[in-house]
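Structure first, then comments.
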Amino acid sequence: MKILVGKIHYPVKNLGLGSHRLGIWLQGCAIHCNGCINKDTWPFDERYEIELKELVSTLSKFKRKRVDGVTISGGEPFDQPEALLALLKYLRNLTDGDIFVYSGYPYARISRLHSEILKNIDVLVSEPFIESVSGRLIWRGSDNQKIHLLSAMARRLYPKNINKIEYVHRKMQFSVMGDEIFMIGIPARNDMEKLYELLRQRGLNCGKL
């Protein structure tokens with residue numbers, strides 16, 4: 001089985017509980033939300049395709065590290081449902097922490113088409129990003145998106161009022177991979193435009209949003 005993987009990062013400190021999460025970004029998204037800050041993850045690019053067993057081998061090294069949980073984003077993880085399910089089953093052996101998955105699809109669609117996958121997820125963020133909706137609530141890009149606590153573990157670890165908690169201080173991380181810099185986290189609205197303008201003023205070519 002093959003899977004498209006954009007990047008892997010450790011530790012992730014701002015997408016779920018804990019300061020030592022493992023982050024996996026799957027490559028490819030068919031939704032294409034307006035205003036998405038991860039447009040580089042949209043193409044289903046074969047350059048990112050690897051065998052699932054190769055990914056498992058790469059992830060196995062994290063068994064020797066502290067892993068508070070795993071966060072899977074994208075791209076759109078549910079655009080690779082078979083590979084996602086196989087990956088989730090493996091991750092249960094990697095960490096005792098929660099598995100937190102982002103999706104831009106409506107929860108009704110996911111629950112109808114992918115009930116077996118949901119059984120292997122602790123926390124799900126669903127619904128498309130809507131640029132015109134405010135983004136004050138924690139761990140999501142726009143406030144229409146919902147956090148679903150799917151497992152007993154998730155309901156024990158995460159606050160019951162998770163869908164009402166707002167950001168107090170946003171923490172952003174930056175990762176360098178080769179000659180590229182990746183941002184990890186969810187910026188406040190308009191923060192990316194401000195950052196790009198600052199970089200341009202310093203003579204750096206940062207492409208387009």
Checklist entry - Mind checking whether some residue in segment 186-207 is loosely packed, with under 14 Cβ neighbours inside 10 Å, touching a strand residue (DSSP E or B) at 6+ places or on another chain (Cβ under 9 Å) and either over 19 Å from G69 (Cα atoms) or modelled with pLDDT under 70 (or both)? => result no
Checklist entry - Looking only at residues in segment 3-45 that are crowded, with 16+ Cβ neighbours inside 10 Å and among the basic types (K, R), which one is farthest from M183 (Cα to Cα)? => result R21
Checklist entry - Mind checking which residues of segment 1-19 are more than 13 Å from I99 (Cα to Cα) and part of a loop (DSSP other than H, G, I, E, B)? => result M1, K13, N14, S19
Checklist entry - Would a scan of segment 44-64 turn up a residue that is at pLDDT below 95, hydroxyl-bearing (S, T, Y) and out of contact with any Pro (no Cβ under 6 Å at 6 or more places or on another chain)? => result no
Next on the checklist: Given the options R136, R140, R156, name the one that is surrounded by 19 or more Cβ atoms within 10 Å (Cβ to Cβ), of a type in the set (K, R) and without any contact (Cβ under 8 Å) to a residue 60 or more places away in the chain.
Outcome noted: R140
Checklist entry - If we keep just the residues of segment 123-141 that are assigned to a loop (DSSP other than H, G, I, E, B) and within 14 Å of the chain's Cα centre (by Cα), which is nearest to L15 (Cα to Cα)? => result W139
Checklist entry - Quick check, is R109 among the basic types (K, R) and either touching a Ser or Thr at 6+ places or on another chain (Cβ under 6 Å) or touching a residue at least 60 places away in the same chain (Cβ under 8 Å) (or both)? => result no
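The values are calculated or read from the model by the stated rules, or taken from the named source; none is laboratory data. Keep in mind that this is a model prediction, so the values were computed, not measured. Please note: Cβ atoms are built from the backbone with ideal geometry, for glycine as well, and neighbour counts cover all protein chains shown.
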